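Notes follow the structure.
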Amino acid sequence: MTTMADRVVVAFTGEGDGVAGLSWGQQDIWQAMVRQKSWLPNGAWGPLPEGTTVDDVAEQLRYMMSRFPTARTRLRFDEDGRPSQVVAASGEITLDIVDSGPQDPAAVAESERLRLQDAEYDFAEDWPVRMAAIRSGGVLTHLVVVMCHLVADGFGTGVMLEDLATRVETPIPQLQPLEQARWQASPSGQRQNTLALRHWDGILRGMAPRRFPDTAEKPEPRHWRGEFTSHALAPALRAVTERTGVASAPALLAVFAVALARVTKVNPVVLRPMVNNRFRPGLDRVVCMLAQYGLCQLDVAGVSFAEVLDRARRGALTTYKHAYYHPVELDDLIRRVVEERGADLELPCYFNDRRTDTASAPAERDELQDLVSRAVFEWTTRQDVPFEPLIVHIDDLPDDTVRAIIFMDTHVVSPADGEALLRGMEAVAVEAALDPDAPTGV
């Protein structure tokens, strides 16, 4: 039986306090939280080095809270429910110490992660970081950390982990979310927003209103999560990039677009790829929620894989340029377009390429076919709490393996089509690897 042995109070101070409206990245993830009725916590746990003390872990928490303004950020709501960001200059936070008793401390760490993620969260009162250390036989064994998605996106989390590992004391970047919000309200920021919305407007007005086939069955619970593990996708994609010279990210975007067109029978394909926005000056090392979904349209019919790859390469550049915008104003634009077109508009699916290691070795034809046979798909979650209608995340795993995770509303996309989409992505990559000049079949 586990026991909450202690709660250590950790005091912290940090620079960059103040109040402002939400930055565009914060507004984007806030809207997702409202839609999904969740504070979208990101949790993980891992082993602690031998000899780690409670003071060591408390100091790690103090460093995190002191260095990163987003860890000290809570929300304030006006009378209409609109949030602002409030960055504190100082405060106190608790570190939980949990005794595992006779249980496996790793299992206790996972249980603690779930507890911290499932506990109620108050955006106005709670700090967006929760931390616990697991103790077994008087020795600390594991660390559990859960953070609200307002703290950082995937790239920002990587920066945070690098700084934590070295306890760097160099100044943090100036363009923290408070300063981002100020720039976004400036004439320069407004010009960026205007250009981005003009790009979206052109695609939204021309795209087909229906993106997915009608679903005959309406399962309950309706919101499903599935995982597809592929051993062939990474080496196939590497073969494609070597033969065509197209970088891995736009190549995977092209592969996914062809797979989606085959399943939905809708072309041109319109996608919302996640863009990290860290190529923008001063933003590459900021720990914050900065990534936003762009809008990309690709015609994949009646051409070769090589042509689609080139279109994806060129289209990605335009997409990245216009993936930095005011989310509320984008929602207003979408509503106007829907009203003017006089029909419901199914928004495109979200596509989030989270891979970091793309240097896999290409495989030969016979090897690829063997790797395809090892693929595994499973549905992992069925729930009433809503996901987005369709979102696909792509992660790289050890041993040259890729995992695609799909979140979907089965009343919009059927389970069969969801599975076919992920398996089809692997199939397209293999086909393109074997013959880039072959037609897409769309």
- Note on the structure: In degrees, nearest 10, the alpha-carbon axis of helix 187-206 is tilted away from the dominant principal axis of the alpha carbons of the chain by 40 degrees
- Task: Any chance you could give the angle, 0 to 90 degrees and rounded to 10, that helix 305-321 forms with the longest Cα principal axis of the chain?
- Result: 40 degrees
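Run the helix sum for the chain: -39,500 (n - 2.57) per DSSP H stretch of 4+ residues, divided by residue count, reported at 222 nm to the nearest 500 deg cm²/dmol. Walk me through the numbers before you get to the answer.
Working: 12 runs with 171 residues, N = 442.
My calculation for the chain gives -12500 deg cm²/dmol from helical runs alone.
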- Query: Using the alpha-carbon atoms, what tilt in degrees (0 to 90, nearest 10) does helix 105-118 show relative to the longest principal axis of the chain?
  - Reply: 80 degrees
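Sorted by mean Cβ packing within 10 Å, highest first, what order do the peptides 101-111, 185-195, 171-181 take? Could the numbers behind the result be given before it?
Numbers: 101-111: 16.2, 185-195: 13.3, 171-181: 18.7.
Ranking the peptides 101-111, 185-195, 171-181 by packing returns 171-181, 101-111, 185-195.
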- Note on the structure: As a Kirkwood estimate from alpha-carbon pairs, the chain has a hydrodynamic radius in angstrom of 23.5 Å
- Query: Can you give the convex hull volume of the alpha carbon atoms of the range 4-154 per residue, in Å³?
  - Reply: 113 Å³
- Signed unit charges on C-beta, dipole axis of the chain, positive-most listed residue 234, 94, 60: 234
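Please give the net charge around residue 46, taking every other residue with its beta carbon less than 14 angstrom from that of residue 46, where Lys and Arg add +1 and Asp and Glu add -1.
Working: positive: 113; negative: 50, 110, 112.
Once positives and negatives cancel, what remains is -2.
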- Task: For residue 265, go through the lysines and keep the ones whose alpha-carbon is under 21 Å away, minus same-chain ones fewer than eight residues off.
- Result: 218
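Where a number appears in this text, it was derived from the coordinates with a stated rule and is not lab data. Computed from a predicted model, the values in this text were never measured in an experiment. As a convention, Cβ positions derive from the backbone with ideal geometry for all residues, glycine included, and neighbour counts pool all protein chains shown.
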